[in-house]
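First the structure, in the form of structure tokens, and then the observations on it.
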Amino acid sequence: MKIIVTGHGHFATGLESTVKLLAGEIPGVDYIDFLETMSEADLLEKLPSENNLVFFCDLAGGTPYKLAALRTTQADNNAVMAGGNIAALLEIGLQYDLLTFKNAQELVNLLTLASHNGIQKFKSVKYSEKVDEEDGI
């Protein structure tokens with residue numbers, strides 16, 4: 001199984017840069033940008049049409065997503081997801097041997113769950129230390 005990261009602008013290579021900084025390379029992950037200078041035909045030509053792929057896209061309904069969905073209909077055991085994040089790519093890419101993974105739907109389910117779990121918000125908590133005014137002796 002391979003993960004194909006794709007999205008608008010430098011989404012894919014931006015994630016690639018972060019992955020390399022934090023963890024080195026993840027075997028089985030390729031990165032394909034959809035740049036402003038590219039046409040839909042240019043991107044479609046770059047997207048693989050082989051079996052056993054998960055397309056990890058930036059936005060549902062965007063051009064990379066639609067073309068990945070088209071590629072998915074042209075092969076077996078492929079899946080498409082959108083809205084994934086770096087936390088999911090790192091968690092799943094480092095936890096599993098992607099090249100021996102067998103089921104695209106199972107992999108996309110793991111990536112989706114990891115993406116959800118990777119979304120956190122900071123909550124500020126005021127800390128006040130009570131000082132015991134008794135001597136304690």
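Only residues that are exposed (fewer than 14 other Cβ atoms within 10 Å of the Cβ), under 16 Å from the mean Cα position of the chain (by Cα) and more than 15 Å from Leu90 (Cβ to Cβ) were counted across segment 1-52, and they come to 1. Report yes if some residue within segment 102-114 is at pLDDT 95 or above, surrounded by 16 or more Cβ atoms within 10 Å (Cβ to Cβ) and over 19 Å from the mean Cα position of the chain (by Cα); otherwise report no. No - not one qualifying residue is present in segment 102-114. For the residues Leu59, Leu98, Leu90, the requirement of being surrounded by fewer than 20 Cβ atoms within 10 Å (Cβ to Cβ) and within 19 Å of Gly9 (Cα to Cα) singles out Leu59. The set of residues in segment 53-92 that are β-branched (Val, Ile, Thr) and within 13 Å of the chain's Cα centre (by Cα) comprises Val54, Val80, Ile86, Ile92.
If you filter segment 51-76 down to residues that are assigned to a loop (DSSP other than H, G, I, E, B) and touching a residue at least 40 places away in the same chain (Cβ under 8 Å), you find that the one that is farthest from Thr6 (Cα to Cα) is Asn52.
A Cβ distance below 9 Å, combined with a sequence gap of six or more or placement on separate chains, defines the contacts here; from segment 84-100, residues that are within 12 Å of Phe56 (Cα to Cα) reach residues that are charged (D, E, K, R) in the pairs Gly84/Asp58.
Can you find a residue in segment 20-39 that is among the small types (Gly, Ala, Ser), in a helix (DSSP H, G or I) and within 17 Å of Ile86 (Cβ to Cβ)? Yes, that holds for at least one residue.
The values are calculated or read from the model by the stated rules, or taken from the named source; none is laboratory data. Everything quoted here is computed from the prediction, not taken from an experiment. Quick reminder, even Gly has a Cβ in these numbers, built from the backbone with ideal geometry, and neighbours come from all protein chains shown.
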